[in-house]
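Q: Here you go, one structure.
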Amino acid sequence: MIQLVDAGKQFGGKVLFEGVNWLVGPRERAGLVGANGTGKSTLLRVLCGLEEPDAGKVVRARGITAGYLPQEGLLVTGRTLFGECLSVFSSLQEMEREMEALTRRLAELDPGSDEYRAAAQRFHDLETEFRTRDGYALEAQVGTVLAGLGFPKEDWTRRTEEFSGGWQMRIALAKLLLSRPNLLLLDEPTNHLDLEARNWLEDYLRNYPHAYVLVSHDRYFLDVTVERVVEIWNRRVHFYTGNYSKYEQQKRQRLEQLEAAWRNQQERIQQLETFINRFRYKATKARQVQSRIKELEKMERIELPPPEETIRFRFPQPKPSGRIVAQFDNVSKRYGDKLVFEQVNFLIERGDRIALVGVNGAGKSTLMKLLAGVEPLTSGEYRLGENAEPNYFAQDQYRELDPDAALLDDLASAAPKWSLTDLRKLLGCFLFSDDDVYKRIGVLSGGERNRYALARLLVSPSNFLLLDEPTNHLDLRAKDVLLAALEDYTGTVVFVSHDRYFIDRLANRVFEVSGGRVTLYTGNYEDYLRQKEARERAGATAEPPVGSAASGPPPEPTPRPSSEEASRRKRINPIKLRQMRERCGEIEEEVARLEAAIAETERELAVFRGAERLQAVTEKLDGQRRKLEALLSEWERLSEILEGQKA
């Protein structure tokens, strides 16, 4: 679809990348990785056509559409949320209006006239294309995407200008997904999504019919969505097959092979130079010396890339608290008429690492503020344990910083026992390098100030850390530093994060905040999902267990029959039963016709008639196969119910 040929790009005097040769195919699933400032976003913009390479060229097939989602900065106004998302289907809406006009015109024309036949043919052509492009399901498509990205139904009629910056980016993402370009280019699409929306986006991308390239600092998201990793490193682009975990393995293996080849070459160079120096002035060895000199001159020297510095800090450990760190007894919280929590009970023990999960707006940040003591309770009792010292990192923590202070000076005042070298290394981990450490806090962006506030917190942590989205604005390297520090930390941590990998590695308990309740689960996020699924399957209605992590996981209840099993056992009305049998017969006939159509399309695909035609036939074949899968799934479901009725 799109090919980069020896492409290169500079920013000022700095070369971002050069010599890039990359063919982006119609089913590309690529993750673009590299350190901050290496040119990932720039490469996406080159692929999209928003920027041109300084060297080389970009070749695009005709008819190819590319959709680009930047990290931030998009704003839409003038429509309701639902209307804004529907606007991506403007051509289909225009087609629908023409069909309505043709319907009125046909009612007025003489059925025997040529004009009537022409109008009827036009209507038939339009209706066929409209149906093929799912024109009758536009509103359903919009509703599915909006619900998946976390927009509640009551927000669908709100004006787009009423939404904040994070939700504006969700609107832009929704429009992009609905437009289904041939190539999706997503720059940090998960930045403004909660875990539930990320999970939905993962499923959406796995089933996306075209290509996509994405930049993300979320390991888990990359692992489940990409099949190839493209790394910008040392001004070159390197390709790895597989997801992010496989990329890390392959990169280590590639570096080991490169180092082994370099050592072998160095040994050979030393042998050649020793021979040349020893026999340079002996006439009897002149031919052999010249031969070795030529070998040295022709040798393509292997260069080892500069080593990637691995930084690991052991942060100062706090004084221990008592066994009980915090306890909620029948706590409720309201803002006016809005209920956030009601009758919440839980216990936090020393050493717990608790992840708060739930959709945006469920009350995770409010719960953090209650634990930190910055918000009062409406009712109930909150008891802080002996020697427990909460330290709260808010999403807008940067507001507490001195805007006139320089980063390095301010950090040194917070950690007087640290050397300037260690402080500079720490700032480098959080993406402040070189002269950035002398910047005043006031000139930093909101994301930069939050990164600095987190680094400042970690140089002198208390024994009860409350971290509200600490992984926001961090790249993979900074997340690794933070994760390693918290894994070594001896105090108690309660945190909110939308990074699955981070939660899985750190959490030993999960508190789900939903519907005014806090439900407790033992284990990490994977354990939470498994236990939640078991409870839902069992239809559990009892109050979830309350207490410390020592109380252990709840007992697995006896599973009830699934909804499909229940429907098979339930007696069905004979009329409904006959309709189901008839539908099975209709599906069998339709499947036979569709399989024949697929075979014909596959034969058509074997004959190349240009890139545009190839793309159209490929999309047609994908649509036919999806329809066949849906029909077979419906037939299997109906057949199981009918068999259950016979039994």
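Q: Considering only residues that are in contact with a strand residue (DSSP E or B) (Cβ under 8 Å, 6 or more places away or on another chain) and among the aliphatic types (A, V, I, L, M), look in the stretch 481-497 and name the one that is modelled with the lowest pLDDT. Break it down stepwise before answering.
A: First, pick out the residues of the stretch 481-497 that are in contact with a strand residue (DSSP E or B) (Cβ under 8 Å, 6 or more places away or on another chain): 486, 489, 491-497.
Those still in the list that are among the aliphatic types (A, V, I, L, M) too: 486, 493-494, 496.
Numbers: Leu486: 87, Val493: 94, Val494: 95, Val496: 92.
Filtering first and then ranking leaves Leu486.
Q: Tell me, yes or no, whether the stretch 228-244 has at least one residue that is in a helix (DSSP H, G or I), over 24 Å from Arg180 (Cα atoms) and outside the structural domain of Ser497 (by TED's automatic domain parsing).
A: Among the residues of the stretch 228-244, at least one is in a helix (DSSP H, G or I), over 24 Å from Arg180 (Cα atoms) and outside the structural domain of Ser497 (by TED's automatic domain parsing), which makes the answer yes.
Q: Among the candidates Leu184, Leu214, Leu201, Leu173, which residue alone is over 30 Å from Gln10 (Cα atoms) and either in the same structural domain as Lys479 (by TED's automatic domain parsing) or surrounded by 18 or more Cβ atoms within 10 Å (Cβ to Cβ) (or both)?
A: Among Leu184, Leu214, Leu201, Leu173, only Leu201 is over 30 Å from Gln10 (Cα atoms) and either in the same structural domain as Lys479 (by TED's automatic domain parsing) or surrounded by 18 or more Cβ atoms within 10 Å (Cβ to Cβ) (or both).
Q: Within the stretch 196-214, how many residues turn out to be among the polar types (S, T, N, Q) and within 12 Å of Leu177 (Cβ to Cβ)?
A: 1
Q: Does the stretch 249-260 contain at least one residue that is assigned to a strand (DSSP E or B), free of Cβ contacts under 8 Å to residues at least 60 places away in the same chain, surrounded by 14 or more Cβ atoms within 10 Å (Cβ to Cβ) and not acidic (Asp, Glu)?
A: So in the stretch 249-260, the residues assigned to a strand (DSSP E or B) come out as none.
The answer is no; no qualifying residue exists.
Q: So which residues in the stretch 520-540 are in a helix (DSSP H, G or I) and of a type in the set (A, V, I, L, M)?
A: Within the stretch 520-540, Leu529, Ala534, Ala538 meet the criteria.
Q: Mind listing whichever residues of the stretch 157-188 are in contact with a Ser or Thr (Cβ under 7 Å, 6 or more places away or on another chain) and either among the hydroxyl-bearing types (Ser, Thr, Tyr) or closer than 21 Å to Arg500 by Cβ (or both)?
A: Within the stretch 157-188, Thr157, Thr160, Asp187, Glu188 qualify.
Matching residues to (1) touching a Lys or Arg at 6+ places or on another chain (Cβ under 6 Å); (2) over 30 Å from Gly34 (Cβ atoms); (3) modelled with pLDDT of 85 or more:
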position: Lys246; (1), (2), (3): no, no, yes
position: Ala283; (1), (2), (3): no, yes, no
position: Arg292; (1), (2), (3): no, yes, yes
position: Arg312; (1), (2), (3): no, no, no
position: Arg323; (1), (2), (3): yes, yes, yes
position: Asp329; (1), (2), (3): no, yes, yes
position: Leu339; (1), (2), (3): no, yes, yes
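Q: Also: Of the residues in the stretch 473-517, how many are out of contact with any helix residue (DSSP H, G or I) (no Cβ under 7 Å at 6 or more places or on another chain) and β-branched (Val, Ile, Thr)?
A: 2
Q: Also, quick follow-up: Looking only at the stretch 174-200, count every residue that is closer than 15 Å to Cys48 by Cβ and of a type in the set (A, V, I, L, M) and tell me the total.
A: 5
Q: I've got another one for you. Give me the residue from the stretch 508-539 that is within 26 Å of Leu457 (Cα to Cα) and under 20 Å from the mean Cα position of the chain (by Cα) and, out of that set, surrounded by the fewest Cβ atoms within 10 Å (Cβ to Cβ).
A: Asn524
The values are calculated or read from the model by the stated rules, or taken from the named source; none is laboratory data. None of these values were measured; they are calculated from a predicted model. A quick note on method: Cβ atoms are made from the backbone with ideal geometry, for glycine too, and the neighbour counts reach across all protein chains shown.
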